[in-house]
Amino acid sequence: MLLKVFAVLLMTCISSVMTFAIVYTCETNARQQYEMFFPVLCPKGCASHTYTIWGNGTYTHDSPICRAAIHDGRITDEGGAVMVYKQPGQMSYVGTERNSITSSSYGYWRGSFSFTPNIPDTPITCETPALDKRFVLLNTYEITCPSGCVSSSAEISGDVIYAHDSAICVAAIHDGALTNDGGKVTVYKQPGQPFYVNVTRNSINSTTSSYTRSSFSFRSDLPDVNDPPFACGITAHDTRFGTQASYNITCPKGCLNDDRTIWGSGSYTHDSSICRAAIHDGVLTDDGGPITFYRQIGQPSHIGIERNSISSSAYGYWRSCFSFTPKAQDPPDCTTTAEDPKFFDASQYEFACSPGCANSTADISGTVVYTSNSSICKAGIHDGRITDADGGWVKVFVQPGQQSYNGTDRNSLTSLQHGPFLSSFSFTKNMTDDGDHSTVTTEKPEKVKNNDDGLYALLIIPIVLLLILALFVCRKYEPLQKFT
């Protein structure tokens, strides 16, 4: 018992020292930290690194902290100390160039961080689009644009009416609502247009663009905008689909060869092409025709699968979706097996697993190759493809039935032994064992009984000396715990 007490005290002290003596590099990100706010001492020279950051003021939690701090103006390339605050995931992140670092734009990301306790208001820049999250619920709003936007590299599409992903301030100069000196401008949200023309005006070139779900202008007295025809690119996020539970539309011919992306299978993210999703789902052919789609709540994950000559993409949580049946497809969970009907026509597919599937009551049978009635996510942990703590995406390959399946202990999970089974799956195409089995155990070691109690007496003296050393180290490094 005394030995255990000394060991716990020693490890606690060492852990405390290690926690506050973290060495931060130019690539360290906030996702690697567990505290909600924490100090970071950045090294010199991070501005020249090529690690990508996403956002402006608020950054995705996988962005390098020190490069983001330079971008945000908190430190220079000489390095220095900053305080980092973890924030909730944001619906979008705007990319800008600040302090000689260019950040990238991104859509929804599940975690973020900033350098202030509260999420800062992202400044309006020449690159800020009408898609910015601050304007999503507004039909009319006023912003103040900076000067010098004529030389911005941000793109715009359209003339008088601009696609919603166009940079507002650049479009305002193009429209004549502002000069290159910047200033205040009022923006009016408009319905999506089937086409946006390219015109050169006021030293700015706009580009051609196809249908987007919404647009904007700088005039409130525009003539009535007729609903655009339903094209292959129309999505459930279109402004006309915001009130009813279901809608009937007629899709044109030829959407099979359209290159617009769709995400999901059965349930699709609301920014997926409705007509292509209908072909993928089997309720429509490439000849087009009438369909009914149903708005659904967001799903925790969307699988990617090839069906009817269209490959959909996988994605994680998305805030709303649609389907072609009144009841949305059940979201995947830890008990989903490869026998699920949505996988019947697939030879391979991606599947999203939530954290904590190791505790599921679902069974798995096999090693490397698993019976098709095994839990996909639990097998993914057993095979070393994902961890129980983080979950994640696995790629599943459908395999023929095997004569036997070996049961083993791997990664803290026990699979069952099984005889012949009709079908199988694996996480490699050729059924090879190349997963991460760093914690694989094939045999359970026997406990060794040791009755030599005199050994503990001999260990007391060195343990006491180690404890004194640990207390000395703790006191020596105590200033590291104070951040000013």
Residue by residue through the range 393-409, note down the ones that are out of contact with any Gly (no Cβ under 8 Å at 6 or more places or on another chain) and part of a strand (DSSP E or B).
TRP393, LYS395, VAL396, PHE397, VAL398, GLN399, PRO400, ASP409
Could you tell me which residue of the range 190-224 is least open to solvent (accessible area, probe 1.4 Å), considering only residues that are out of contact with any Gly (no Cβ under 8 Å at 6 or more places or on another chain), modelled with pLDDT under 75 and closer than 22 Å to ILE143 by Cβ?
LEU222
Count, please, the residues in the range 113-158 that happen to be free of Cβ contacts under 8 Å to residues at least 40 places away in the same chain and surrounded by 13 or more Cβ atoms within 10 Å (Cβ to Cβ).
9
Checklist (1) among the hydrophobic types (A, V, I, L, M, F, W, C); (2) without any contact (Cβ under 8 Å) to a residue 60 or more places away in the chain; (3) assigned to a strand (DSSP E or B) applied to CYS334, failing item
(3)
Exclusive hit being of a type outside the set (Phe, Trp, Tyr), in contact with a helix residue (DSSP H, G or I) (Cβ under 6 Å, 6 or more places away or on another chain) and over 21 Å from SER157 (Cα atoms), set ARG110, ARG67, ARG74
ARG67
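How many residues does the range 288-301 hold that are surrounded by fewer than 20 Cβ atoms within 10 Å (Cβ to Cβ) and either under 14 Å from ASP258 (Cβ atoms) or touching a Cys at 6+ places or on another chain (Cβ under 7 Å) (or both)?
Result for the range 288-301: 3.
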Pull up the range 302-313, narrow it to residues that are in a loop (DSSP other than H, G, I, E, B) and at pLDDT 85 or above, then point me to the one that is farthest from ASP259 (Cα to Cα).
ASN308
Hits in the range 27-80 - residues which are touching a residue at least 60 places away in the same chain (Cβ under 8 Å) and either among the charged types (D, E, K, R) or open to solvent by 80 Å² or more (accessible area, probe 1.4 Å) (or both)
ARG31, PHE37
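From SER404, SER426, SER412, grab the single residue that is open to solvent by less than 50 Å² (accessible area, probe 1.4 Å), within 25 Å of ALA358 (Cα to Cα) and either at pLDDT 90 or above or touching a helix residue (DSSP H, G or I) at 6+ places or on another chain (Cβ under 7 Å) (or both).
Unique residue meeting the criteria: SER426.
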Contact list please: Cβ distance under 6 Å, first residue in the range 281-305 and within 18 Å of THR325 (Cα to Cα) and of a type in the set (Val, Ile, Thr), second residue open to solvent by less than 30 Å² (accessible area, probe 1.4 Å) and part of a helix (DSSP H, G or I), pairs at least six apart or on different chains.
ILE291/ALA278
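Filter the range 262-287 down to the residues that are assigned to a loop (DSSP other than H, G, I, E, B), at pLDDT 90 or above and within 22 Å of TYR349 (Cβ to Cβ), then identify the one that is most open to solvent (accessible area, probe 1.4 Å).
VAL283
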Given the conditions (1) closer than 19 Å to VAL94 by Cβ; (2) assigned to a loop (DSSP other than H, G, I, E, B); (3) modelled with pLDDT of 90 or more, and given that CYS169 satisfies all but one, which numbered condition is not satisfied?
(2)
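The values are calculated or read from the model by the stated rules, or taken from the named source; none is laboratory data. The shown structure was predicted, so the numbers you read here are calculated from the model rather than taken from an experiment. Neighbour counts are summed over all protein chains in view; Cβ atoms, including those assigned to glycine, are modelled from backbone coordinates with ideal geometry. Surface accessibility is based on the protein's heavy atoms, side chains included, excluding ligands, DNA and RNA. Shrake-Rupley method; radii C 1.70, N 1.55, O 1.52, S 1.80 Å.
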